[in-house]
1. Looking only at helices (runs of 4 or more DSSP H) that fall completely inside region A:1-108, which ones have 1 or more residues that are under 28 Å from A:Thr254 (Cα atoms) and either in contact (Cβ under 8 Å) with a residue 24 or more places away in the chain or touching a strand residue (DSSP E or B) at 6+ places or on another chain (Cβ under 7 Å) (or both)?
2. Out of A:Pro288, A:Pro249, which single residue is over 19 Å from the mean Cα position of the chain (by Cα) and closer than 30 Å to A:Ile196 by Cβ?
3. Within region C:118-134, which residues are in a helix (DSSP H, G or I) and more than 10 Å from chain B (Cβ to nearest Cβ)?
4. Being in contact (Cβ under 8 Å) with a residue 40 or more places away in the chain, among the β-branched types (Val, Ile, Thr) and crowded, with 19+ Cβ neighbours inside 10 Å: is that true of A:Ile120 here?
5. Condition (residue is over 22 Å from B:Val101 (Cβ atoms), touching a residue at least 12 places away in the same chain (Cβ under 8 Å) and either assigned to a helix (DSSP H, G or I) or of a type outside the set (Lys, Arg) (or both)) applied to region B:157-177: is it met by at least one residue?
6. Which of the numbered conditions does A:Ala21 fail, given that it passes all the others? Conditions: (1) modelled with pLDDT under 90; (2) crowded, with 21+ Cβ neighbours inside 10 Å; (3) closer than 19 Å to A:Ala233 by Cα; (4) not aromatic (Phe, Trp, Tyr).
7. Determine whether B:Leu219 is at pLDDT 85 or above, part of a helix (DSSP H, G or I) and of a type in the set (A, V, I, L, M).
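The values are calculated or read from the model by the stated rules, or taken from the named source; none is laboratory data. These numbers were taken from a predicted model, which means no experiment stands behind them. Here the Cβ positions follow ideal geometry from the backbone for every residue, glycine too, while neighbour counts run over all protein chains shown.
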Amino acid sequence: MMQGNPLLEIKDLTVEYITNAGTIKALDRINLTINKSEFLGIVGESGSGKSTLAYATIGLLPPNSRISAGRITFDGKDLLKASSKEINSLRGRRISMVFQDPTTSLNPVFKIEEQVCRVIQQHKAVNRQIARAMALKQLANVELPEANHILKLYPFELSGGMQQRVMIAMSLSLNPDLVIADEPTSAVDATIQFQILELLSRLRHSQNFSMLFITHNIDIVSKVCDRVAIMYAGSVVEEGPSQEVFSNPKHPYTQALMKSIPRPRKSIAETKRLNVIEGSIPDLISPPKGCKFHPRCPYAYSRCQREEPELKEITVNRKVACHLY
Amino acid sequence: MKPLLGDRIFLAGAMIIGIMLFIAIFAPWISPYPAQGEGQTVPNVCPSISPAGVCPPSFSHIFGTEQGGRDLLSRIFFGIRTSILVSFLVVMLAMGIGMAVGLTAGYFGGLVDEALMRITDIFLAIPHILLALNIVAILGPGLIDVFIALGVTWWPAFARLARSQAIAIRNRPFVMVAKAMGISSRQIVLKHILPNSISPLLVQMSIDLGAVVLAEAGLSFIGLGVRPPTADLGQMIFAAIDFITTSWWVALFPGLFLTLLVLGFNMIGDAMRDRFDPRLRRQF
Amino acid sequence: MSKFIIVKDLKKYYPSGTFFNRRKIKAVDDVSFEIDKRESFGLVGESGSGKTTLGLCLMRLLEPTSGKIFIEDQDFTSMKGKKFKEFRASRFSIVYQNPLSSLDPSWTVEQTLMEPLTVNSSFSKAEARTIVQQALANVGLQPYMLTRFPHELSGGQAQRVAIARALMNKPKIVILDEPTSALDVSVQAQLLNLLLDLQERHGLTYLFISHDLNVVGNICDRIAVMYLGKIVELGDAIELFNVPMHPYTQSLVSTISEVSVKFVRYKLKGEPPNPLNPPFGCRFHTRCPYATPICGEEEPKMVEVSPGHFVACHNLELVKSGLIQTKERAALME
């Protein structure tokens, strides 16, 4: 397990959105760390706050948001206190992001060459020729065939999988320390998804970067991430090595989630019915008192209604936020 | 609606138009000299200053008088009446025709679309001044002439807008489902396509209200519109040309009110456009 | 008694290209299959496979270019005019992926649910209202939702409304086009259970279109796997997942974690080819680890490898063993 100086440290981060209907607490005292060369998966459903976490880290929160508490430290530097000039120089160079839908994150009116080179030239004082050579290398790195040809194309001339590889190439072009990926394979076909995940694993070893991998898809996380944090309604409810968390989930939400995933039946005797988590996601404007999951939890008892559980370490490297432990 | 009311530009525009509407509706009661507003001939109150009867502002006539001695303020009030009446009627007519043509063309496509759009193109090409000229030649000047000339030439823009909306919406799943259910085309266009197309049309409408006011004033300015003694802002400005160097009030005040009126409509239109920008995908 | 739904040689071609270079996109190319009453038939494939097009053609929301569809022994494809519309409206319903675009955003839930009742029926206002309330309850929603607009509902709630609407005309066949793909995992579970309950209660036949193999493998009785407009494999769901025969099916199945794979996992090379320019011969051969020269020359025919299990592949023997360790094959697998 990777020990040593954490690359990214999020402490007690609380983010709120101000809306007409009230204040939404999207993140509630989040504590997370990512070490160097580590892939951390964030798994959660709608309202879990996983996207907010990503955007807060890279500094792209919408104007109606408010970081009411907490600290994000990147390689020793406090991101929340940094000037916008400092953040801009970090973005793209040391922290980069891969978004979900490549069709909207690539500018449709510019050729690929233009877009990749622009990223490179933004941070490195090189001329176009050198930038182009670097771009070519990056495209080859992400296993895009005929990289020379691709540079001359417009995004719409590429398939979804290829576009996403271009995005990955762009985000890795300056050798960042941290890549934030927000559902990078959701908009792409299953077989291509597989390819991209394998690509990411391979690149990780060759280029040595950390990744904050956000998704709702548990299967993907277990393939690619060392550690995983499960989020629910703005809090981290469970954390640990991904293989362990999924083979032995501790938090009732994680357990229920895993049981509710459909799987192909193995025999005709097996029922088609799925195990369901009753109820729905809590209202984040006025969440339930105590543990936010307790209205839906089969194990809830009186303490769960009064007191919100802290995320604490129950065994080595395993953290759970639940009164049962 | 609430965010719209919170928008300062909208509020400012709405206030202006609210006042104008009030003036238009209650002109006979709030004008200092309602009869003069309607065109009554009056004796010259300042023969020594101006033989034509163009008197400067005074206590009895706050904005002065126009040529012929009529109280300018009252004339303006009645002029606003004309402007608003015409613009509302024209825009309503234009929207009505435009939506009917555009939604039909957009929804049915094919030959229907081609035919309707070519007709629309023809009307789009007609300059309203030219048309007005011809109608005046046939029917004589007056409100009807303005109404027809503007109404007939204004609807194509609405038709185009409605058509593009219909095209965008007709392939949406909820329309497909309605078709599959066996709902008639007429019902689909009226109940599904129309309500979902209305936002940009409303924006266009509010901006056009201002534009029609100007167009109407323009027509009257060149003599193709409403004739005296009916009060009309454009006509008043035209008449003021002769006196512009000596009697600043005759051109200034009508012009000011005309500007305010158009500004008010434009502000509402702008605020609505910002609100209902389709890229932001907000709904009524 | 023949099958409930019979599809024969269905084609859907789109014209494309320029005046001088006329081409056709063969979105659905010569597809044949049958569906039993009360069956959940899964249609699986990636984007460009033609599965959605096929689903829409089945209902004739898109008109097939050629081919036949028989429903209850009646020739559905030849029907025209009023008879066609009435037949379709009484037999079919469709549930789309995104409820925010399949529900009219300017209509309340009540209006949406009332709409199917306005066709061909003479319900009084009060009767209609009762039916609508009952329909809402049947999908697990509260009466207060009647006055809501789609954007005021959560994804799961909106999709339940879409399902309730789909059942208002008492259909026999429901086409479900990725009905849970836009939903959270936990919401998906609730909705899938709901669909199962409703199917049992009303004796519905489902055509379940999805790219999500886990869902299809769980819910469906029989599955057809599509690739670039053709069905490459067709058979019982459990058998298909345990013994996938077509190389494409194998690669799809290998992307799912918990399936016991008796064959080696591999990843497909290359990109899905352009539907405008599909490979000659077997459409899959450019990415197939078992490809041999004949695959590039001749399209394989569907062969019944076991009762009810059909595959279209030239090299079934090779694939069956699944363990060829040729140098090329080994090179493909990492």
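1. By residue number, A:50-58.
2. The unique qualifying residue is A:Pro249.
3. Those that are in a helix (DSSP H, G or I) and more than 10 Å from chain B (Cβ to nearest Cβ): C:Lys125, C:Ala126, C:Glu127, C:Ala128, C:Arg129, C:Thr130, C:Ile131, C:Val132, C:Gln133, C:Gln134.
4. The answer is yes for A:Ile120.
5. Looking only at region B:157-177, we keep the residues that are over 22 Å from B:Val101 (Cβ atoms), and these are B:173-174, B:176-177.
Checking the rest, the ones that are also touching a residue at least 12 places away in the same chain (Cβ under 8 Å) come to B:174.
With either assigned to a helix (DSSP H, G or I) or of a type outside the set (Lys, Arg) (or both) added as a condition, the list becomes B:174.
Yes: region B:157-177 contains one or more residues that are over 22 Å from B:Val101 (Cβ atoms), touching a residue at least 12 places away in the same chain (Cβ under 8 Å) and either assigned to a helix (DSSP H, G or I) or of a type outside the set (Lys, Arg) (or both).
6. Single failed check for A:Ala21: (2).
7. Details: at pLDDT 85 or above: no; part of a helix (DSSP H, G or I): yes; of a type in the set (A, V, I, L, M): yes.
Answer is no for this residue.
Listed here are the residues, each with its yes/no results for (1) within 14 Å of chain A (Cβ to nearest Cβ); (2) of a type in the set (A, V, I, L, M).
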| site | (1), (2) |
| --- | --- |
| B:Asp7 | yes, no |
| B:Phe10 | no, no |
| B:Ala14 | no, yes |
| B:Pro34 | no, no |
| B:Val42 | no, yes |
| B:Val45 | no, yes |
| B:Pro51 | no, no |
